[in-house]
Amino acid sequence: DAGVIQSPRHEVTEMGQEVTLRCKPISGHDYLFWYRQTMMRGLELLIYFNNNVPIDDSGMPEDRFSAKMPNASFSTLKIQPSEPRDSAVYFCASSPRTGFGYTFGSGTRLTVV
Amino acid sequence: QKEVEQNSGPLSVPEGAIASLNCTYSDRGSQSFFWYRQYSGKSPELIMFIYSNGDKEDGRFTAQLNKASQYVSLLIRDSQPSDSATYLCAVNPKAAGNKLTFGGGTRVLVKP
């Protein structure tokens with residue numbers, strides 16, 4: 001298996017622009033997670049899905065952030081409009097079931113200038 | 001109080017020695033516990049998980065869990081320079097579904 005695949009690896013955008021991050025989970029994994037990592041706040045859960053249904057979005061910072069999972073093999077995290085404070089590494093992870101831990105993708109390093 | 005706490009380090013360890021990392025958590029009902037290793041600029045990688053009180057060994061790694069005291073630790077025996085990384089403790093709180101809460105990580109430096 002190719003693991004969790006994220007794109008793009010790096011994204012530099014100007015403040016106010018829309019940013020879309022993409023993730024393909026491991027086949028057969030029922031759970032998909034979006035995390036954000038910064039030096040100040042560490043790893044923060046933004047949202048997670050079970051069988052394509054959003055279960056907990058309490059970590060989504062504000063209405064500028066949205067996430068979708070239209071099918072079992074694809075998810076997007078969108079930021080519109082982007083702000084400099086959104087600069088971080090965004091990780092997607094997937095898990096087969098509760099208690100099995102996660103497999104992380106390589107991450108997307110987002111820089112908003 | 002943070003949900004999952006770790007000493008940020010750095011923990012400096014001579015090559016060949018034992019590195020001991022600690023993690024405390026606040027939710028007494030937490031069910032499962034994980035240790036991830038993260039090299040600089042890379043993504044977290046799962047190295048150990050433990051569910052029951054006691055020790056669990058996997059190669060040079062040993063995870064220890066004490067639910068009564070609400071701490072979990074990781075021992076790295078015969079530390080190698082390649083073990084230099086940040087180690088993240090993650091906890092699955094009770095009634096949190098499959099959500100993991102991560103500590104801030106402990107940076108480990110193994111010096112030749």
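For A:GLY42, the conditions (1) open to solvent by 20 Å² or more (accessible area, probe 1.4 Å); (2) within 15 Å of the chain's Cα centre (by Cα); (3) facing chain B (nearest Cβ under 10 Å) are fulfilled apart from (1).
Filtered by the rule that a residue be assigned to a strand (DSSP E or B) and more than 10 Å from the chain's Cα centre (by Cα), the stretch A:69-98 gives A:MET69, A:PRO70, A:ASN71, A:PHE74, A:ILE79, A:ALA88, A:SER94, A:SER95.
Farther than 26 Å from A:GLU44 by Cβ, more than 13 Å from every other protein chain (Cβ to nearest Cβ) and open to solvent by less than 50 Å² (accessible area, probe 1.4 Å), is that true of B:ALA85? Here the answer is no, as B:ALA85 does not meet what is asked.
Residue count for the stretch B:18-39, restricted to those that are over 17 Å from A:LEU43 (Cα atoms) and either away from chain A (no Cβ under 14 Å) or loosely packed, with under 15 Cβ neighbours inside 10 Å (or both): 9.
Taking every residue in the stretch A:66-91 that is free of Cβ contacts under 8 Å to residues at least 12 places away in the same chain and closer than 25 Å to A:SER27 by Cβ and pairing it with any residue that is assigned to a strand (DSSP E or B) and open to solvent by 50 Å² or more (accessible area, probe 1.4 Å), at least 6 positions away or on another chain, the pairs with Cβ-Cβ distances below 9 Å are A:LYS68/A:PRO54; A:LYS68/A:PHE74; A:LYS68/A:LYS78.
Taking the stretch A:1-12 as the search range and keeping residues that are among the aliphatic types (A, V, I, L, M) and either open to solvent by less than 40 Å² (accessible area, probe 1.4 Å) or under 17 Å from A:VAL112 (Cα atoms) (or both), which one is nearest to the other protein chains (Cβ to nearest Cβ)? Give the derivation first.
If we filter the stretch A:1-12 for residues that are among the aliphatic types (A, V, I, L, M), which is where we start, we get A:2, A:4-5, A:12.
Subset that is either open to solvent by less than 40 Å² (accessible area, probe 1.4 Å) or under 17 Å from A:VAL112 (Cα atoms) (or both): A:4, A:12.
Working: A:VAL4: 9, A:VAL12: 16 Å.
Here the answer is A:VAL4.
Between B:SER79, B:SER73, the distinction of being more than 14 Å from chain A (Cβ to nearest Cβ), buried (at least 17 other Cβ atoms within 10 Å of the Cβ) and assigned to a strand (DSSP E or B) belongs to B:SER73 only.
Could you check, for the stretch B:52-62, whether at least one of its residues is open to solvent by less than 20 Å² (accessible area, probe 1.4 Å), among the hydrophobic types (A, V, I, L, M, F, W, C) and part of a strand (DSSP E or B)? Looking through the stretch B:52-62, none of the residues is open to solvent by less than 20 Å² (accessible area, probe 1.4 Å), among the hydrophobic types (A, V, I, L, M, F, W, C) and part of a strand (DSSP E or B).
Yes/no per residue for (1) among the small types (Gly, Ala, Ser); (2) touching a residue at least 60 places away in the same chain (Cβ under 8 Å); (3) at positive phi:
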site	(1), (2), (3)
A:ALA2	yes, no, no
A:GLU14	no, yes, no
A:GLN17	no, yes, no
A:CYS23	no, yes, no
A:LEU32	no, yes, no
A:THR38	no, no, no
A:LEU43	no, no, no
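Inclusion of A:MET15 among residues that are open to solvent by 80 Å² or more (accessible area, probe 1.4 Å), farther than 27 Å from B:ALA95 by Cα and at pLDDT below 95 is not warranted.
When the stretch B:40-60 is examined, which residues are found to be more than 14 Å from chain A (Cβ to nearest Cβ) and closer than 28 Å to B:GLY97 by Cβ?
Start the filter on the stretch B:40-60 by keeping residues that are more than 14 Å from chain A (Cβ to nearest Cβ), which leaves B:53-55, B:57, B:59-60.
Scanning the stretch B:40-60 gives B:ASN53, B:GLY54, B:ASP55.
Being of a type in the set (D, E, K, R) and in contact with a Pro (Cβ under 9 Å, 6 or more places away or on another chain) is the filter; apply it to the stretch A:46-84 and report the residue that is most open to solvent (accessible area, probe 1.4 Å). The residue in question is A:LYS68. Only one entry in A:GLY101, A:GLY28 is open to solvent by less than 30 Å² (accessible area, probe 1.4 Å) and among the small types (Gly, Ala, Ser), namely A:GLY101.
Hey, could you check the stretch B:6-51 for residues that are hydroxyl-bearing (Ser, Thr, Tyr), outside any strand (DSSP E or B) and more than 12 Å from the chain's Cα centre (by Cα) and say which is nearest to A:THR103 (Cα to Cα)?
Step one: filter the stretch B:6-51 for residues hydroxyl-bearing (Ser, Thr, Tyr), giving B:8, B:12, B:20, B:24-26, B:30, B:32, B:36, B:39-40, B:43, B:51.
Filter again for outside any strand (DSSP E or B), leaving B:8, B:26, B:30, B:39-40, B:43, B:51.
Cutting the leftovers down to more than 12 Å from the chain's Cα centre (by Cα) gives us B:26, B:30, B:39-40, B:43, B:51.
On the way: B:SER26: 24, B:SER30: 20, B:TYR39: 15, B:SER40: 17, B:SER43: 9, B:TYR51: 18 Å.
Among residues in the stretch B:6-51 that are hydroxyl-bearing (Ser, Thr, Tyr), outside any strand (DSSP E or B) and more than 12 Å from the chain's Cα centre (by Cα), the one nearest to A:THR103 (Cα to Cα) is B:SER43.
The values are calculated or read from the model by the stated rules, or taken from the named source; none is laboratory data. Just so it is clear, the model here is predicted, and its values are computed rather than measured. Cβ: placed from backbone, ideal geometry, glycine included. Neighbour counts: every protein chain shown. Heavy atoms of the whole protein, side chains included, go into the accessibility calculation; ligands, DNA and RNA do not. Shrake-Rupley method; radii C 1.70, N 1.55, O 1.52, S 1.80 Å.
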